[in-house]
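The values are calculated or read from the model by the stated rules, or taken from the named source; none is laboratory data. Everything numeric in this text was worked out from a predicted model, so none of it was measured. Heads up, the Cβs are rebuilt from the backbone with ideal geometry, glycines too, and the neighbour counts pull from every protein chain shown. Ligands, DNA and RNA are stripped out before the accessible areas are found, and what is left, the full protein with its side chains, is counted by its heavy atoms. Shrake-Rupley method; radii C 1.70, N 1.55, O 1.52, S 1.80 Å.
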Amino acid sequence: MATVEFQTRLMSLQANLLNFAYMLTSNRDDAHDLVQDTTLKALDNADKYVENTNFKGWVFTIMRNIFINNYRRVMRNATVVDQTEDLYHLNLSQDSGIDSPEESYSVQEITAAINEFPEKYRIPFSMHVAGYKYNEIADETGLPLGTVKSRIFFARQQLQTRFADYR
């Protein structure tokens, strides 16, 4: 395909590319950037296009691959590696952002609240917090699986209600 014909076909797809890019990114500026990157990549690789293949599909595949690569790059860069000697940052509470002690509940307060639950809620909830799976709790307590799940849910709701002023 001649260079002029290739460019003409590519430019005729710009509106379709923009729609697809907006669908992928959900952001107008990012969509325009993706269309621009796709157009440049297609122009750079025009010699790799094989005649009698779906041109539109070829260009859209380029766009999709650019989007996926950019997404993966962002996710890789967002990963934080704790290189402190004692893994200090990993051991911090993820919600806290280093809160002061008076802004958080103590373990004793939460444990006391759990211990105040009726036994039918306390046992399944404590087992769940300890790491047991729902089916293991059901087998251990002799309760149906749905009952175990609902009791854990209700226990969690009671804790959230009691400690609602935490945030």
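For this structure, a couple of remarks:
- Bridgeable lysines around K48 (alpha carbons under 19 Å apart, same-chain partners fewer than 8 residues away excluded): K56.
- When the surface is traced with a 1.4 Å probe over the full set of protein chains, Y134 keeps roughly 80 Å² accessible.
- Cross-link partners of K120 among lysines, defined as those whose alpha carbon lies under 28 angstrom from its own and excluding same-chain residues fewer than eight positions apart: K133, K149.
- Radius 10 Å from Cβ of A155, net charge of other residues (Lys, Arg +1; Asp, Glu -1): +4
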